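What follows is a set of notes on a single structure, which appears directly below.
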Amino acid sequence: MITTSSKLFYGLGTLSFVGALVWVVAHDGSSLGSVALIFLAISLLFLGGIASYVRDGHVLSTDTAAHPSAPAAQSASGNSWWPLASALSLGMVVVGLISSPGIFKIGIALSIAMFGEWMITNWSDRASANAAYNEKVRGWVVHPLEIPIGGALLMTVIVLSFSRIMLSVSTVAGPLIFAVVGTVVLAGGSLVSVRRGVSKRLVGGACAVALVALTGVGLATALNGERHELVEASEYDHYAVHPCGEEAEEYDEEASRAVSAKSSIAATVIFKDGELYAEMDGFSEPLTSISLQRSYDLTILFRNESVGEHRMILNYGNVIEDLGGGVTRDSKLQACTALIGEGGQQAITVRIPKPSFASPLSPYNIVVSGIEDSSIEVSVP
Amino acid sequence: MSTVGTMKDRVAEPMKIMRRGRAALKTSLAVSALAFLASCARDAPQDTWQPAGPNAEQIDNLQRPVFYVAGVVGVIVFVAIGWAIWRYRDRGQAIPEQTHGKPVVEIVLTVIPALILLGVAIPTAGTIFKLAKTSDTEMTINVTGQQWWWEYDYPAVGSNEEQYGITAPIVTSGQLVIPENTKVLLRVTSRDVIHSYWIPKLNGKKDSVPGRVHLLRLEGAKPGIYAGQCTEFCGLSHSYMRMEAVVLSRADYDAWVANQLEAYTSPAAGTLAAEGEGVFIQQCSRCHQVNGLLNADGTPIISAPDQYIVSGVAPNLTNLMTRNTFAGASWDLLTPECREDVWKSDSVTFGAKYLKGVTTDCLNQKDLREWLRNAPLKKPMYANPENLAATGGKYRGMPALGLTEDQINSIVAYLLERK
């Protein structure tokens, strides 16, 4: 028997099957999306089957005279915000089509969610004559989705807002803010946990105010932009390897902090008292000969502990380019830091594609420009 | 009639429940027995309960008592739950008095697990610190994972050079060769995705993460081969990403190092192997390095796997036949009989057998030839050229090269000399 609610599931299931076929045709036989859609269709048809089997909860849906409590006998759905939300989502899809793929994708996701909510609300409004029960039924269906997704969105807002704030304040203020906020949250949580009489409204209100404040400050700082060091680093393309000889100021002496947070240092090269040596994890003694891996993103940290400004240069062979017409150009492969002042340090990331024995005439090494008699031999097997 | 029927039902219902209970009990016992029997494997090269080195022994010394304590606790909990389920099953009796809070019980049930956990935590922390120690390192080896094989390179620096005679870098794959009773430190990393390095009989796992170098101690107490496997899902052929650690006596290890450092010698002119050298240069050396192989003009042939492979490297085949495995240690280079002869040999004779490498009689022709005919068919590696748009045309492993049988014959002959 095709009941009121099973119509929805059967309809959606059929639509999913059709969608799967369209997917296969549109994606040149690709099966990934079609498998998902077929599974969706099977699930929906299964739900439709259940709805038919239980006849929408043993209520004869069409015999409204004999069964005034049947869904069909209920009044039409009440006022709802979902149509408005669905329309806005569709508007977002249109805007996204013109402006940005990101907005388009978010619009699609929101449209699906809003239409889904609309349909389920419409269905649950007519589930029985009891409005409270209908609300409960709606909750059974959508709460398993709404609550985790809502929680994730809330977390996203908090994390995004907080990260914008931390990226805008100075490196001195950042840890202080982090410590203060952490302490306030911990103290507030502890207080609430030990004082049983605190009303839920008060806690909820405080959290809401904090969330609004956090979001507002986060939005304001996002509009204001990141702190100037980060902007400069971004403009300078901090992590790129620059051609040697090009003079550039050391804009962020503590850049290595950012790098080391993301990756290990393959070798720390230290220039001290006119001598160059390296330190590597796994080797207890200073090294004047190091081995680096081939075809691997190596991060090398240069630390200048000598007087004056110095630049580290990694020589890793040469490359012969074919310029056409039988003309070739032999270029040195080098990676360099900027000029680093005493006590300063900088990390560079480099990928060495060829083994060191590929260039017998241009040995791989690390040197400091202007210092002839000290170098580190580099072996790349 | 209805009264009689009801009486019958009342008698029949418990009987039915008891029959069902017996059936469930029998099924549970049968499944448990099967699970128990499955743990009685005779040949279990990756058994964590058979440590073969001091690091693994430290883990074993920790895990055994923890396992026993956890086992006893588990049995107590399951028996208690089972007894409670059976004893207080619904027989139509009145619901017992509902109470809330038994402070003594709650405190006892909190304190006992806390004490057990504390008892486990103290030796665990001690073991972690012992396993993290690196100051006593005697040898350092770089271990780099990529889809789907491990590369080992022995840097010619520090104690490697001074104490073990590694005067030039040694690059190998599939089998990690280390001297016995030597504190080896592995610098583990990855070129593409996260892998995990684990030789169960020698130490615990260590993730290999792109951009990070993780340190792992390894030490084998006696000569032999110890199997392992990548333990972090890393893509299509994760299950084919295996490794073996080979422990040799010091004398045998010195011989192995000396052999690895020997200069390349070309096959004798006019032989099938010499023909194979030419085919290798044309077909294989684009990705596979063989140190010492020269172009016609006398310049060294440098492979360029960075142009063809996502990870930027392919196994170095300079001394392929000194290893017993190929293709990420997924297949043996030795025939099953020869492999068993090496694996089952005692620690005294093991080294000599291993150092013999792969001989013509012992070569596993079948798997090697199948690999050369169509590698992706043997080990899935996303090698379909039509599906390489996402990687800019680069492969994740060895593609099918379309070699003829004559070419395969000659390459096999050439590779047999790579010792």
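The values are calculated or read from the model by the stated rules, or taken from the named source; none is laboratory data. Quick caveat: nothing in here was measured; it's all calculated off a predicted structure. Virtual Cβ from ideal backbone geometry, glycine too; neighbours counted across all protein chains shown.
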Those residues that are of a type in the set (A, V, I, L, M, F, W, C) and either touching an Asp or Glu at 6+ places or on another chain (Cβ under 8 Å) or surrounded by fewer than 20 Cβ atoms within 10 Å (Cβ to Cβ) (or both), I need them from the stretch A:314-333; list them, please. A:Val319, A:Ile320, A:Leu323, A:Val327, A:Leu333
Residues of the stretch A:338-381 being closer than 24 Å to B:Arg191 by Cβ and in a loop (DSSP other than H, G, I, E, B), which ones? A:Ile352, A:Pro353, A:Lys354, A:Pro355, A:Ser359, A:Tyr364, A:Val380, A:Pro381
Of residues in the stretch B:293-309 being over 10 Å from B:Ile281 (Cα atoms) and not in a loop (DSSP other than H, G, I, E, B), the one nearest to the other protein chains (Cβ to nearest Cβ): B:Asp306
Just wondering, is there one or more residues in the stretch B:175-188 that are in a loop (DSSP other than H, G, I, E, B) and within 21 Å of A:Arg294 (Cβ to Cβ)? no
Among the residues of the stretch B:182-233, which ones are basic (Lys, Arg) and either surrounded by fewer than 20 Cβ atoms within 10 Å (Cβ to Cβ) or within 14 Å of chain A (Cβ to nearest Cβ) (or both)? B:Lys183, B:Arg187, B:Arg191, B:Lys205, B:Lys206, B:Arg212, B:Arg217, B:Lys222
Test result for B:Ser345, part of a loop (DSSP other than H, G, I, E, B), free of Cβ contacts under 8 Å to residues at least 12 places away in the same chain, touching a helix residue (DSSP H, G or I) at 6+ places or on another chain (Cβ under 9 Å) and buried (at least 17 other Cβ atoms within 10 Å of the Cβ): yes
Is it the case that the stretch B:310-323 has a residue that's more than 14 Å from chain A (Cβ to nearest Cβ), crowded, with 22+ Cβ neighbours inside 10 Å and farther than 21 Å from B:Glu405 by Cβ? yes
Exclusive hit being in contact (Cβ under 8 Å) with a residue 40 or more places away in the chain, aliphatic (A, V, I, L, M) and closer than 28 Å to B:Glu151 by Cβ, set A:Ile300, A:Ile340: A:Ile300
Given the structure, is B:Gly126 of a type in the set (Gly, Ala, Ser) and more than 11 Å from chain A (Cβ to nearest Cβ)? yes
State the number of residues belonging to the stretch A:125-137 that are over 18 Å from A:Gly150 (Cβ atoms) and either touching a Leu at 6+ places or on another chain (Cβ under 7 Å) or of a type outside the set (A, V, I, L, M, F, W, C) (or both). 7
When both residues are 6+ apart or on different chains and their Cβ atoms are under 6 Å apart, which pairs have a first residue that lies in the stretch A:313-330 and is closer than 16 Å to B:Ile302 by Cβ and of a type in the set (Ser, Thr, Tyr), and a second that is modelled with pLDDT of 85 or more and not in a strand (DSSP E or B)? A:Tyr316/A:Ile352; A:Tyr316/A:Tyr364
Hey, A:Ser289 hits all of (1) under 21 Å from A:Pro360 (Cβ atoms); (2) modelled with pLDDT under 85 but one; which does it fall short on? (2)
Please determine, by comparing only the residues of the stretch A:292-326 that are hydroxyl-bearing (Ser, Thr, Tyr) and part of a strand (DSSP E or B), which one is modelled with the highest pLDDT. A:Tyr316
Could you please tell me which pairs satisfy a Cβ distance under 6 Å, a separation of 6+ or placement on different chains, a first residue in the stretch B:261-281 that is under 19 Å from B:Gln407 (Cβ atoms), and a second residue that is outside any helix (DSSP H, G or I) and not β-branched (Val, Ile, Thr)? B:Pro267/B:Glu417; B:Ala273/B:Pro267; B:Ala273/B:Glu417; B:Ala274/B:Pro267; B:Glu277/B:Pro267
Pick from the stretch A:274-287 the residues that are in a loop (DSSP other than H, G, I, E, B) and facing chain B (nearest Cβ under 9 Å): which of them is surrounded by the fewest Cβ atoms within 10 Å (Cβ to Cβ)? A:Glu285
One residue from B:Val104, B:Val111, B:Val77, B:Val120 being more than 10 Å from chain A (Cβ to nearest Cβ) and in contact (Cβ under 8 Å) with a residue 40 or more places away in the chain: B:Val120
If we ask which residues in the stretch B:348-385 are under 24 Å from B:Ala258 (Cα atoms) and assigned to a loop (DSSP other than H, G, I, E, B), their number turns out to be 6
Considering (1) free of Cβ contacts under 8 Å to residues at least 24 places away in the same chain; (2) of a type in the set (S, T, N, Q); (3) surrounded by 15 or more Cβ atoms within 10 Å (Cβ to Cβ), say which one A:Ser161 fails and leave the rest. (1)
Determine whether the stretch B:154-172 contains at least one residue that is within 12 Å of another protein chain (Cβ to nearest Cβ) and under 19 Å from B:Lys205 (Cα atoms). no
Just name the residue that is nearest to the other protein chains (Cβ to nearest Cβ) out of those in the stretch A:294-305 that are farther than 15 Å from B:Asn142 by Cα and touching a helix residue (DSSP H, G or I) at 6+ places or on another chain (Cβ under 7 Å). A:Thr299
I'd like the full set of residues that are crowded, with 21+ Cβ neighbours inside 10 Å and of a type in the set (Val, Ile, Thr), limited to the stretch B:348-381. B:Val358
What is the number of the single condition among (1) within 22 Å of B:Thr167 (Cα to Cα); (2) within 14 Å of chain B (Cβ to nearest Cβ); (3) in contact with a Leu (Cβ under 6 Å, 6 or more places away or on another chain) that A:Ser291 does not meet? (3)
Considering only the stretch B:122-137, state which residues are surrounded by 11 or more Cβ atoms within 10 Å (Cβ to Cβ) and not polar (S, T, N, Q). B:Pro123, B:Gly126, B:Ile128, B:Lys130, B:Leu131, B:Lys133
Does B:Asp332 count as without any contact (Cβ under 8 Å) to a residue 40 or more places away in the chain, more than 14 Å from chain A (Cβ to nearest Cβ) and crowded, with 17+ Cβ neighbours inside 10 Å? yes
Go through the stretch A:164-181 and give me each residue that's in contact (Cβ under 8 Å) with a residue 24 or more places away in the chain and aliphatic (A, V, I, L, M). A:Ile165, A:Leu167, A:Val169
Filtered residue count, the stretch A:334-361, keeping only those that are within 13 Å of chain B (Cβ to nearest Cβ), surrounded by 15 or more Cβ atoms within 10 Å (Cβ to Cβ) and over 16 Å from A:Ser289 (Cβ atoms): 8
If we ask which residues in the stretch B:122-164 are of a type outside the set (A, V, I, L, M), assigned to a strand (DSSP E or B) and under 30 Å from B:Tyr395 (Cα atoms), their number turns out to be 10
